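Values in this text are rule-based calculations from the coordinates and carry no lab data. Computed from a predicted model, the values in this text were never measured in an experiment. Backbone-built Cβ (ideal geometry, glycine too); neighbour counts: all protein chains shown.
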Amino acid sequence: MTDSHNDLIDNPSPRCPVALVLDTSGSMDGEPIRELNAGIQLFIDEVKSDDLARWSVDLAVYTAGGSADCIQSFIGVEQIAGFATLHASGSTPLGQAVRMALDDLAARKKSYRDAGVPYYQPWLVLISDGAPTDAWQDAARRARDLSEQRKLVSLPIGVQGADLGVLSQFSSKPAVALDGLKFRELFQWLSASMARVSASTSSDASVQLPSMDGWGSI
């Protein structure tokens, strides 16, 4: 893996850090995890195909399936050669996975500042078909506070069976329910959103995002 600090010097494009926190617990086994895998690969491919987003989007991926793990540290999407297939098993330690993501987002923002690289509002995308099985309230409060302060776009997404009430506590806006298993449509929307963010002229500007109608409902 390329050293991310050198990457910041070699590529001074404004960055949009995106942390994906994915529920890979046992209940996601079968078609849900297959569709999630396909959606993530589509997201990486579509971001790479956008001339601006490919240099702007930094991606990190965290899983909550039995244990909370960082399976991809922050790196420019352009540098991601391939992505390991996700497998579903175990419980859902979403609280710990979100804590790891928020800590790493804070560290990534510091590395941008240290390197003099401008950055857009970071994104936290949380996808679950249930509810956390660990202590999650402090992680939810952190994410919601950052969201309220406009320091984070926190987007909790509930797959069928998810506790939308709990997931909504991770953001200042309600969780969005995924329509069926439309992970590909979700990740197409996310890549289109990244294209709009990276094309915006100011890193402080609020960007009009595409409609979620193709995949979600609040």
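A cut-off of 5 Å between modelled amide H atoms, ignoring neighbours fewer than 5 places along the same chain, links THR24 with ALA64, GLY65. Each residue of segment 59-73 is assigned a 3J(HN,Hα), and the resulting list reads 10, 10, 10, 10, 10, 10, x, x, 10, 9, 9, 8, 9, 8, 6 Hz, derived from the Karplus form 6.51 cos²θ - 1.76 cosθ + 1.60 (θ = phi - 60°), x at Gly and Pro. How far is the Cα center of segment 16-49 from the Cα center of segment 119-185, in Å? If we compute the Cα centre of each part, the gap is 15 Å.
Given their separation in residues at 0.36 nm each and the Cα-Cα distance between them, SER73 and ASP51 gain 5.7 nm when the chain is fully extended. Comparing GLY216, GLY116, ALA162 along the charge dipole axis of the chain, the residue lying farthest to the positive side is GLY116, per the Cβ-charge model. Here's how it looks for GLY216: its modeled amide H is under 5 Å from those of ASP179, which are all 5 or more places away or on a different chain. Taking Cβ atoms as reference points and 11 Å as the exclusive limit, the residues near PHE74 contribute a net charge of 0, counting Lys and Arg as +1 and Asp and Glu as -1. Using the Cβ atoms and a cut-off under 14 Å, what net charge is assigned to the surroundings of MET28, where Lys and Arg are +1 and Asp and Glu are -1? Around MET28, the charge tally is -4. Only helices enter the 222 nm calculation for the chain: every DSSP H run of n ≥ 4 contributes -39,500 (n - 2.57), and dividing by all residues gives -12000 deg cm²/dmol, rounded to 500. Magnitude of the charge dipole for the chain, about its Cα centre and with charges confined to Cβ atoms of Lys, Arg (+1) and Asp, Glu (-1), is about 560 debye. What's the local net charge at ASP45, with K and R +1, D and E -1, over the other residues with C-beta under 15 Å away? Around ASP45, the charge tally is -2. Length available on full extension from ARG113 to ASP163: 0.36 nm per residue minus the Cα-Cα distance, which gives 14.3 nm.
Taking θ as phi - 60° and the Karplus parameters 6.51, -1.76 and 1.60, the scalar couplings of segment 141-158 work out to 5, 4, 5, 5, 4, 5, 5, 5, 7, 6, 9, 7, 8, 9, 10, x, 10, x Hz in sequence order, x denoting glycine and proline.
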